[in-house]
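One structure below.
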Amino acid sequence: MHKLKYFLLPLFLGILMYSCEKENSNVIDPILYFPTILDHYITPVTFNSDTVNCIAGATVESVDPISSVSLKFYDLYGNVVSIADLKDNGVYPDTTAGDGKFTGILNHVFICREVGFHNIEFLATSTAGLTSSPINETISITRSPNVPPSISNIIITPDSTQQNNQVFLIFMVTATDPNGACDIGRVFYTGTSPGGTVLTPRNLFDDGSCCEVEGTGLTSGDTTANDSKFTRKLFGGPPETGYYRYYIKAVDRSGDTSNVLADSIYVYP
Ligand SMILES: [Ca+2]
Ligand SMILES: [Ca+2]
């Protein structure tokens, strides 16, 4: 009897599921028509300027009428900083109304030029509120000629500490760039242990200790964000005795390097 029950139960469930599916298939699903961007262009794609000014176009196919075709321009941190509406209305730069080719002008002026590759995204939305798959491209922002950054006011503490004694090591420097604070790409130290081992390079931050850095579970130790003073606070016990030597420098977004400032921590037995 028990065996029969175990045989019948799945059979019963199977029939139940089948009948449910059958019932579902009788429901008329609404058919969703997503617009498709068939073709797109943007020109030019390189700017050696604070101003971005491009003409962009997208050819859109859609069953439902199109309510908008937009072009988003992103900063280097993933934020949308400008949006252009592409129109199919025959008004410049669009040539012919109603041909499915949407055209517009993307314009953005940087307060501080962000040299690098910026993402742009084309997106079409229908009157039914359905959006196409986004199409992504990049615009390259350059700076030529470029002026390198410079650093000053190096502070590394403590001056000395005992071997294996767990302490906070603090690295500070002021880094500026004549092209603007946003042109500082990276501030970091390299170094060597007393025995000559190359130390892992560490970045310094001007982030006001907003967030955990580099998966360490610690913040940078920086006091005030965006004041050109970069800091890195680490916790550890130096294992070797002698001089740990550190070299700090900055690199800007065009890859040019600042002067190098050096300091050391003496570790006694
Ligand atoms: Ca620069
Ligand atoms: Ca700071």
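The values are calculated or read from the model by the stated rules, or taken from the named source; none is laboratory data. Computed from a predicted model, the values in this text were never measured in an experiment. Don't worry about glycine lacking a Cβ; one is built from the backbone with ideal geometry, like all the others, and counts go over all protein chains shown.
Brief remarks follow.
- Selection status of Ala124, on the phi < 0 side of the Ramachandran plot, outside the structural domain of Glu240 (by TED's automatic domain parsing) and in a loop (DSSP other than H, G, I, E, B): no
- Reported count of residues in region 162-178, each being surrounded by 19 or more Cβ atoms within 10 Å (Cβ to Cβ) and either more than 10 Å from ligand 1 (Cβ to nearest atom) or of a type in the set (A, V, I, L, M) (or both), is 5.
- Annotation: of all residues in region 184-218 being surrounded by 17 or more Cβ atoms within 10 Å (Cβ to Cβ) and of a type in the set (Val, Ile, Thr), the one that is nearest to ligand 1 (Cβ to nearest atom) is Ile184.
- If only residues of region 248-269 that are of a type in the set (Gly, Ala, Ser) and more than 29 Å from the chain's Cα centre (by Cα) are counted, the one that is nearest to ligand 2 (Cβ to nearest atom) is Ala262.
One line per residue, one yes/no per condition, for (1) free of Cβ contacts under 8 Å to residues at least 60 places away in the same chain; (2) within 16 Å of ligand 1 (Cβ to nearest atom); (3) within 29 Å of Ile37 (Cβ to Cβ):
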| position | (1), (2), (3) |
| --- | --- |
| Glu114 | no, yes, yes |
| Thr125 | no, no, yes |
| Ser133 | no, no, yes |
| Ser140 | no, no, yes |
| Pro145 | yes, yes, no |
| Ser150 | no, yes, no |
| Gly180 | no, yes, no |
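- Residue in region 222-254 that is farthest from ligand 1 (Cβ to nearest atom), counting only those that are part of a loop (DSSP other than H, G, I, E, B) and surrounded by 20 or more Cβ atoms within 10 Å (Cβ to Cβ): Pro238
- Top-ranked residue of region 169-222 - restricted to ones that are within 11 Å of ligand 2 (Cβ to nearest atom) and polar (S, T, N, Q), ranked as farthest from the chain's Cα centre (by Cα): Thr174
- Residue within region 86-97 that is aromatic (Phe, Trp, Tyr), buried (at least 19 other Cβ atoms within 10 Å of the Cβ) and farther than 30 Å from Val251 by Cα present: no
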